[in-house]
Amino acid sequence: FNDYCMNYCTFFFQPENIMLLEKDVPHPRIKIIDFGLAQKIEEGTVFKSLCGTPQYIAPEVINYEPLGPSTDMWSIGVITYILLSGLSPFQGETDPETLSNVVSGNYEFDHRYFKDTSDMAKEFIQQLLVKDPRDRMTAVECLIHPWIKPLTRKQAANRSRSSINIKNFKKFNARRKWKLSYNMVSACNRLCRMKLLCNPVQAEEEL
């Protein structure tokens, strides 16, 4: 989180951009990749962008409002939700539906998937998935949140209850890959149809 002290923002946080540097260790280091959309937000400047993946972007991106470090914190809230449940809080059947869900800011903790998740972990997510960017936790506040840095034995015990749901996360990842494949096939089909429509015109022009 050192970059956030210098006001660097990625605007592209999603699970596939978070890589583990080690395997089979208790506390592996991670590396954030893909900084293609990253910006340094200088004090007094306004930055707006419509880039990003629908289910991870914050409401202010969709509303074309000023962005900042808090925009990435929303994405971290979404990722945490996914890691603990294997579900996406705002994912709809279509991208427009997903964007509408994000703007509304409405989500719930489905008991079927969060029954083993502590209230402390849910509170961590709730303090990030806040519509008003000014009310979201900052990176520094996240690091000292009791779910990340427990201060008592009770908090430590509650933290240990909330672990990544590997089984459900694998299902989520499989659904994501299936959707990407489906979208790619659909795009190819559209291109083929366009080519078929254009061919008669080209034949007439050659005559």
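The values are calculated or read from the model by the stated rules, or taken from the named source; none is laboratory data. Keep in mind it's a predicted model, so treat the numbers as computed, not measured. Glycine gets a Cβ as well: all are built from the backbone with ideal geometry, and neighbour counts include every protein chain shown.
Return yes or no: is Ser75 crowded, with 18+ Cβ neighbours inside 10 Å and in contact with an Asp or Glu (Cβ under 9 Å, 6 or more places away or on another chain)?
The answer is no for Ser75.
Inside the range 64-119, residues that are among the small types (Gly, Ala, Ser), in contact (Cβ under 8 Å) with a residue 24 or more places away in the chain, in a loop (DSSP other than H, G, I, E, B) and more than 20 Å from Ser49 (Cα to Cα) make up a count of 3. Take Glu42 and tell me if it is in the same structural domain as Asn17 (by TED's automatic domain parsing) and either without any contact (Cβ under 8 Å) to a residue 24 or more places away in the chain or part of a loop (DSSP other than H, G, I, E, B) (or both). Judged against the criteria, Glu42 is a match.
Of the residues contained in the range 23-40, one or more are found to be modelled with pLDDT under 90, within 20 Å of Cys142 (Cβ to Cβ) and among the basic types (Lys, Arg). Between Gln39, Gln14, the distinction of being under 18 Å from Pro133 (Cα atoms) and among the polar types (S, T, N, Q) belongs to Gln39 only. Pairing residues of the range 50-63 that are closer than 17 Å to Glu16 by Cα and free of Cβ contacts under 8 Å to residues at least 60 places away in the same chain with residues that are assigned to a loop (DSSP other than H, G, I, E, B) and of a type in the set (A, V, I, L, M, F, W, C), at Cβ distances under 7 Å and at least 6 apart in sequence or on separate chains, gives Cys51/Phe11; Cys51/Leu37; Gly52/Phe11; Gly52/Phe12; Gln55/Phe90; Tyr56/Phe13. Number of residues in the range 15-64 that are small (Gly, Ala, Ser) and surrounded by 14 or more Cβ atoms within 10 Å (Cβ to Cβ): the value is 4. What are the pairs with Cβ atoms under 9 angstrom where one residue, in the range 140-158, is surrounded by 13 or more Cβ atoms within 10 Å (Cβ to Cβ) and modelled with pLDDT of 85 or more and the other, located anywhere, is not in a helix (DSSP H, G or I) and not aliphatic (A, V, I, L, M)? Sequence gap at least six, or different chains. Pairs found: Glu141/Gln127; Cys142/Phe1; Cys142/Gln127; His145/Gln127; Pro146/Thr152; Trp147/Ser118; Trp147/Ser162. Within this structure, Leu83 fails the test of being in the same structural domain as Glu16 (by TED's automatic domain parsing) and at pLDDT 90 or above.
Can you find a residue in the range 161-180 that is of a type in the set (A, V, I, L, M) and at pLDDT 85 or above?
no
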